[in-house]
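Novice: Provided herewith is a single structure, encoded as structure tokens, for subsequent inquiry.
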Amino acid sequence: MTGSVSFQHLAPALLALATALARAIPPLLTSARGRAGQHAAPTTLRIQSLQTPAAWQEGVEGAFSDEALREDARLRFRRLARAAIAVGVLLVVYLVVAVVQRFPWWSILLAALLLALLVRQLQQGRKVWGDIDPKSPNAALGSLVVRGNLDDVVQFTLFALRGIGARVVNLGDGLVVAGTGVALGRLWLGNRLQISLLPHEDVVRVTVRSSKLDYLTRDTTRRDVTRFLELWADPPHTEALASGTT
């Protein structure tokens, strides 16, 4: 009996601890990967194209590039959202009954925690599919204009992504795709980064967009954009980079 009561008392705390750990691990691993990277940009070798195995589950790229696939994904999310709302209503009813009937405090706390997690997951899911839509005004977005050679800008883009701990997935035709986070089996916990490089005369416009891909971890899309842009303000080996672009 004592052991059962102890577990009941500990259950909410254990659930909260497990949730906090799950949300904290991907950003920590991404930061560690960035600190381990080499930030010195060479001026002789130039990568023209690059393609690696996608870090995320199959279908993500299609959702970014194809409106029909994106709409199918939205419909699936809406069905899941309706089911989640139904569960949330049941939890609210349970909480009302539990308070009126004076159920054990730990059961009320556990139901409240589950309801809070459910609401949070719905918010995260809404953000995921809002970010995937290219026309979304709420997505994390940033840009800068660099005066220099396009090849140098492409090369430093790759090193800046390495500097923030991102895994490069694809490079070609002025577009770089990368991811920050961690793979958990076939599931990617983290974000998708898309960097477009648009040359015009002697300058290059670099535009970065970060989109959240999972419903579990905390939102770090704005931090991705900020950290990526900050590296351009104080690039490594400035003298060598300038000599390579003159």
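Novice: Across the Cα atoms of the range 89-246, what radius of gyration and what greatest pairwise Cα-Cα distance (Dmax) are found, in Å?
Specialist: Expressed in Å, the Cα Rg and Dmax of the range 89-246 come to 21.9, 78.
Novice: Rounded to the nearest 0.05, what FRET efficiency do D202 and A84 give with R0 = 45 Å and r taken as the Cβ-Cβ distance? Could you check? If you can, show how the numbers build up before the last one.
Specialist: Details: r = 52 Å, r/R0 = 1.16.
It comes out at approximately 0.30.
Novice: Still on this model: Accessible area per residue for the range 157-219 in Å², computed with a 1.4 Å probe and the full protein assembly in place, what is it?
Specialist: Values: 2460 Å² over 63 residues.
So the range 157-219 comes to 39 Å² accessible per residue, rounded to a whole number.
Novice: What is the distance, in nm, between label points placed 7 Å from the Cα along the Cα-to-Cβ direction at D72 and at L45?
Specialist: The two pseudo-label positions are separated by 4.0 nm.
The values are calculated or read from the model by the stated rules, or taken from the named source; none is laboratory data. Owing to the predicted nature of the structure, the values given are computational and were not obtained by experimental measurement. Neighbour counts are summed over all protein chains in view; Cβ atoms, including those assigned to glycine, are modelled from backbone coordinates with ideal geometry. All accessible areas refer to the heavy atoms of the entire protein, side chains included, with ligands and DNA or RNA removed. Shrake-Rupley method; radii C 1.70, N 1.55, O 1.52, S 1.80 Å.
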